[in-house]
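Reviewing the structure listed below.
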Amino acid sequence: MSGKRIIAMSGGVGGAKLAEGLARNSNGTPLTLIVNTGDDFNHLGLHISPDIDTALYTLAGLANPETGWGRRDETWSFMQALEQLGGEAWFRLGDADLAMHVERTRRLAAGETLCDITADLASRLGILAQVLAMTDDQVRTRVGTDIGELDFQHYFVREQCRPQVSHIVFKGATAAQPAPQVIQALQSGEAEAIILCPSNPYLSIAPILAIPGMRELLRSAGVPVVAVSPLVGGAAVKGPTTKIMDELGLSVSALQIVEDYADLIDGFVLDSRDAHLRDRIDLPVAVTDTLMRTAHDRLRVANETLAFASSLYS
Ligand code: GDP
């Protein structure tokens, strides 16, 4: 392979775990991570980018392993004081985490782009990978449910994914453009492989792919595109992926994920617990244990995924 850079796409928790392994890959190939911003929202006057924050904290080694969101060793004085004053407390913001949202909001208001701010914050946190917002434009995921159409964080955090999902909308996506740095990364000719991380295909990867031109950019990069299954033994490790698949009338199986990505991917990494599905997938498949409990697991899955992608070069 002649490429010089791995490009990956990710949402929050599941994707960031693989991204962290990819960032440490054994070949030392640098990583560009394109992150979903459909989950972004304005809360308490702050611009919050939950998936970018999860990616930044995970890549910086600052993530809270218990919650899957926020920072480790966090303190909660702000939240306690806010609750005492009767403020909205359903979205938890730790004291150190708060600095991220305040600073991002300040810089956005000063006219900087989300992508530039993200890149700078990543380097200030000592992250070597290039971390990019999928777009500088406003795309907002809204979830149609039995209690009405909800902003994503209202569905995900406030309602804890309980409402039944009927449809998902990416408001603003059709008018959005990929961030210039995303276009540059995908057109640079430097890509070695493109990896769709094991993020929720419907809530985390779909908003990225909904931006006009993004699919074409991926395909025209001319390198293997590989998705890592977000299902382990037919179930989600965390979050509402299978609940949503069921509610949308999709089959709850890794086969469905392959179908969702069919026009985009050249290969699929299937979890070993789903190995019996292998013969029903009409694409090159790598079977491995994709459950990432430890730092070692992340690196192993990342290295195996990259070796698989490399084997797909024609
Ligand atoms: P969110 O934005 O925080 O919901 O996170 P993502 O969309 O990035 O990730 C959610 C998906 O990650 C779910 O479908 C999980 O099953 C998947 N996931 C989480 N941990 C793992 C893991 O260790 N291995 C695999 N294969 N998938 C995982």
Give the stretch 11-36 a look and list any residue that's of a type in the set (Val, Ile, Thr) and either over 9 Å from the mean Cα position of the chain (by Cα) or at positive phi (or both), or say none. 29, 32
Those residues of the stretch 1-38 that are touching a Pro at 6+ places or on another chain (Cβ under 7 Å) and within 15 Å of the ligand (Cβ to nearest atom) come to a total of 6
Out of the stretch 74-103, which residues are among the aliphatic types (A, V, I, L, M) and touching a strand residue (DSSP E or B) at 6+ places or on another chain (Cβ under 9 Å)? 93, 96, 98, 100, 102
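Give 59, 44 a once-over and let me know the one that is of a type in the set (A, V, I, L, M) and closer than 25 Å to residue 192 by Cβ. Steps first, answer last, please.
Numbers: 44 fails: closer than 25 Å to residue 192 by Cβ.
Among 59, 44, only 59 is of a type in the set (A, V, I, L, M) and closer than 25 Å to residue 192 by Cβ.
Could you run through the stretch 43-90 and say how many residues are on the phi > 0 side of the Ramachandran plot and within 16 Å of the ligand (Cβ to nearest atom)? It would help to see each step written out before you state the result.
Start the filter on the stretch 43-90 by keeping residues that are on the phi > 0 side of the Ramachandran plot, which leaves 44-45, 61, 68, 70, 73, 86.
Right, trim to within 16 Å of the ligand (Cβ to nearest atom) and you get 68, 70.
Here the count works out to 2.
Mind checking which residues of the stretch 1-47 are small (Gly, Ala, Ser) and crowded, with 18+ Cβ neighbours inside 10 Å?
At the first step, the residues of the stretch 1-47 found to be small (Gly, Ala, Ser) are 2-3, 8, 10-12, 14-16, 19, 21, 23, 26, 28, 38, 45.
Residues satisfying the conditions are 3, 8, 10, 11, 12, 14, 15, 16, 19, 21, 23, 38.
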Just to check your reading of the model, which residue among 207, 178, 163 is at pLDDT 95 or above, assigned to a loop (DSSP other than H, G, I, E, B), surrounded by 15 or more Cβ atoms within 10 Å (Cβ to Cβ) and under 17 Å from the mean Cα position of the chain (by Cα)? 178
Counting only residues that are within 27 Å of residue 292 (Cα to Cα) and charged (D, E, K, R), give me the helices (runs of 4 or more DSSP H) lying completely in the stretch 1-94 with at least 2 of them. 13-23, 50-59
Testing residue 134 on (1) away from the ligand (no atom under 16 Å from the Cβ); (2) over 17 Å from residue 46 (Cβ atoms); (3) buried (at least 16 other Cβ atoms within 10 Å of the Cβ), one condition comes back false. Which one is that? (1)
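The values are calculated or read from the model by the stated rules, or taken from the named source; none is laboratory data. Everything numeric in this text was worked out from a predicted model, so none of it was measured. All Cβ positions, glycine included, derive from the backbone under ideal geometry; neighbour counts span all protein chains shown.
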